[in-house]
Amino acid sequence: MKSLMVGPVHACDWQGPGDNVLLLHGMAAHTHWWDEVVPHWKGRLRAVALDFRGHGDSRWLSGERYTSDRYLEDIELVRRELGWRRFLLVAHSMGARVALDYARSRGEFLRGVVAIDFLTDFIPSSRDHKFGKAQARSRPVYPDEDAILSKFRLQPTGTLLGKEDIRRLGRHSIRQGPGGWSWKFDWNVLSFPYGSVWPQLPQLNVEALIVRGEHSAILPREMMNKVAAALPRGRALEIAEAHHHIPLDRPKELAEALASYAAGLHA
């Protein structure tokens with residue numbers, strides 16, 4: 001795997017042969033969400049994953065909001081650097097919402113888009129939403145690595161990963177600074193503005209696959225089917241036993257499903 005910096009955007013390029021696939025992560029996540037998925041594509045798909053600005057090893061914005069439009073720029077920076085004219089866009093959670101925006105506005109570059117387990121609507125006033133609660137707090141700093149790793153949790157928390165796997169993922173999510181240890185993501189990404197997905201769906205004139213985990217509370221089965229039906233060229237797929245974080249819970253099953261989907265797309 002090759003690490004790239006494209007201007008302010010960090011990306012991981014697994015290189016190799018196969019059709020091009022660009023992978024997008026969710027809120028407060030990073031490229032390593034895809035580490036267990038990509039190896040199953042060896043020789044079939046050439047995968048690149050990026051860190052949105054404010055996440056992972058990409059730079060943070062200063063004095064600007066993190067928005068879908070800003071993240072569309074991140075995708076375009078990487079696409080142009082790679083020289084890709086056509087590719088499959090695969091994205092999870094918040095990244096899926098960005099991917100649908102990209103498919104609507106720049107669909108000419110896409111063979112298809114895969115949107116994995118995402119919120120269709122968000123009510124900012126909901127006190128039960130974890131990111132809304134976190135946004136109201138000061139950015140935490142911890143005295144040592146063990147202290148911060150003991151606080152690392154997936155959100156939502158449902159997962160098939162064991163404690164050691166979660167801790168391993170957590171090590172990719174933290175960094176040490178002058179004042180101690182903190183999270184790699186900019187606390188301001190928690191204010192990412194979610195609108196309703198429904199107005200944009202009829203405008204997507206690309207092949208689209210909507211994916212949910214069997215036990216996901218983020219995208220209920222009936223909502224997944226409703227989204228797929230609202231798309232001009234949409235299909236739906238459920239991954240058995242998985243929760244919201246499908247790339248972590250069922251990487252092999254997700255990889256095989258996506259390879260099959262990619263093989264069926266027109267060039």
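So residue 110 ticks every box in (1) open to solvent by less than 10 Å² (accessible area, probe 1.4 Å); (2) within 15 Å of the chain's Cα centre (by Cα) but one. Which box is left unticked?
(2)
Taking residue 133 as meeting all but one of (1) surrounded by 14 or more Cβ atoms within 10 Å (Cβ to Cβ); (2) modelled with pLDDT under 95; (3) in a helix (DSSP H, G or I), write down the number of the exception.
(1)
Please verify whether residue 91 is in contact with a Phe, Trp or Tyr (Cβ under 7 Å, 6 or more places away or on another chain) and either more than 29 Å from residue 239 (Cα to Cα) or hydrophobic (A, V, I, L, M, F, W, C) (or both), treating the condition exactly as stated.
No, not satisfied.
Can you name every residue in the stretch 236-267 that is in contact with a Phe, Trp or Tyr (Cβ under 7 Å, 6 or more places away or on another chain), farther than 16 Å from residue 165 by Cβ and open to solvent by 10 Å² or more (accessible area, probe 1.4 Å)?
259
Take residue 121 and tell me if it is at pLDDT below 90 and acidic (Asp, Glu).
no
Is it the case that residue 88 is surrounded by 17 or more Cβ atoms within 10 Å (Cβ to Cβ), of a type in the set (A, V, I, L, M, F, W, C), in contact with a Gly (Cβ under 7 Å, 6 or more places away or on another chain) and not in a loop (DSSP other than H, G, I, E, B)? Reasoning before the result, please.
On the way: surrounded by 17 or more Cβ atoms within 10 Å (Cβ to Cβ): yes; of a type in the set (A, V, I, L, M, F, W, C): yes; in contact with a Gly (Cβ under 7 Å, 6 or more places away or on another chain): yes; not in a loop (DSSP other than H, G, I, E, B): yes.
Judged against the criteria, residue 88 is a match.
Being among the aliphatic types (A, V, I, L, M), open to solvent by 20 Å² or more (accessible area, probe 1.4 Å) and closer than 24 Å to residue 255 by Cα is the filter here; which residues of the stretch 58-83 pass it?
Of all residues in the stretch 58-83, those among the aliphatic types (A, V, I, L, M) come to 61, 72, 75, 77-78, 82.
Keeping just the survivors that are open to solvent by 20 Å² or more (accessible area, probe 1.4 Å) gives 61, 77, 82.
Within the stretch 58-83, 82 is the sole residue that qualifies.
The values are calculated or read from the model by the stated rules, or taken from the named source; none is laboratory data. Worth saying up front: this structure is predicted, and the values here are computed from it rather than measured. As a convention, Cβ positions derive from the backbone with ideal geometry for all residues, glycine included, and neighbour counts pool all protein chains shown. Quick note on the areas: whole protein, heavy atoms, side chains included, nothing else; ligands and nucleic acids left out. Shrake-Rupley method; radii C 1.70, N 1.55, O 1.52, S 1.80 Å.
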